[in-house]
Structures are given as C-alpha cells and as structure tokens.
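The values are calculated or read from the model by the stated rules, or taken from the named source; none is laboratory data. None of these values were measured; they are calculated from a predicted model. FYI the Cβ positions are ideal-geometry reconstructions off the backbone, even for glycines, and counts take in every protein chain you see.
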Amino acid sequence: MLTGNGSTCSYPQGSQLAAALASLRQGVGVGLVTITIGVNDLYGCTVVGIDGTCLAYVTRTMGAALTSMLAQIRAAAPLALIVALTYYNPLLATSLGTPEAPSTVAPRAADPQVAADSAQAFAGLNRVITTAVTAVGGRVADIAGAFAVTDTSGSPLPVNIQRLCDWTSLCTRGDAHPNDAGYAAMARAVSAVL
C-alpha cells in the first residue's frame, strides 16, 4: 500500500496510496472511502506458530502506518465518510483434507493455544484499526462481530467456526478468503455504519 513493492499491481504514482490520493485530489466528489488493510502483515507472524514479538512489532508499525495513511486520505477528501473494516479470524479453525480429496475437508477448532493467541492478535489489529479510523472521524465496519469471532457456543461446531465454514472457503477448499456469502456479510456490516 505504501511502497508498491511486492504488489501484483503497478501504479504510475509509485504506490497504491499515492494513486488513491491522486484520485481523491481530483475533486470528483468522493463521498465514501473504505479501507481494509493489515492482515497480511499479521499473517507473517503466524508462519511457525504465533510469534508474539513479531505481532507486537506489526501491530505497532501497522498502527503508525494506518494512522498516517488515514490522515492523508482525510486531507485529500475532507468531506468523505471513511469506513475501515475490522477482520475475522480464520486461525480459529483448521481444515483437515488431503491433496487427493481437497473437497473432503473436515473443519475443527484450532489447537486451543493457537486459537487463544490468534484471537489476541486479531483483537489487537482490530483495536489499531478502530483507533486509527476514529481519529480521522471515520467509522468502523465490525467484520469481526459479523463473523462472531468470540462466540464459541453451538454444536456440532461453535458459531465462530460455523461462520468461517459458511462465509469462507476454509471448509471446502482450505481457503480462508470470503465466499459470496462472506462478502455479503461484510457488505451488510459496511452498510450498517453508513
């Protein structure tokens, strides 16, 4: 977002942020800016277990970067409503499948320590997002709440894991990205704060 390095897209302005700011400064009358950023940085701390030192660093640097980015966006679009999205936690569950039968995936709760550590990590990221967007008069779309990340009630799967199965491809393909139902839930969360 800030440098363009490692991005699959190229921007004549040098970075995604610079391109966004250039577009906003054209005065086209942008009324809404949404932003969802930071989770890939956090994932880098979960490659081998969950690295607490890495998470503390990422959360701190992500907070500073997001605060700076949102201040620049606010300056470029002083009248726009800025909405930042929080994150659900796909690390609450693991999928059991085989390369021979990837569609035969049995969801289950993650190791209790991984679940607890990842819940803390995502809560920290979501606090940083909330603090940064409210500092510029923006609003928060509570994606974590929509995905019921803290709701461990329910059977045979807890609600939070069932939502991961229903709203992502985690339980069908091992892919934690949202599916159509997940994106619809995210859109409802954004609409709720407009």
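Among the residues of this structure, Val149 does not count as one that is more than 20 Å from Ala93 (Cβ to Cβ), buried (at least 21 other Cβ atoms within 10 Å of the Cβ) and out of contact with any Pro (no Cβ under 9 Å at 6 or more places or on another chain).
Taking the criterion of being of a type outside the set (S, T, N, Q) and free of Cβ contacts under 8 Å to residues at least 12 places away in the same chain, the residues of the range 182-194 that qualify are Tyr183, Ala184, Ala187.
Scanning the range 168-181 for residues that are free of Cβ contacts under 8 Å to residues at least 24 places away in the same chain and surrounded by 18 or more Cβ atoms within 10 Å (Cβ to Cβ) yields a count of 1. Residues in the range 13-39 that are in a helix (DSSP H, G or I) and in contact with a strand residue (DSSP E or B) (Cβ under 9 Å, 6 or more places away or on another chain): Ala20, Leu24.
Does Leu42 meet the test of being modelled with pLDDT under 85, among the aliphatic types (A, V, I, L, M), outside any loop (DSSP other than H, G, I, E, B) and within 21 Å of Ala144 (Cβ to Cβ)? Answer is yes for this residue.
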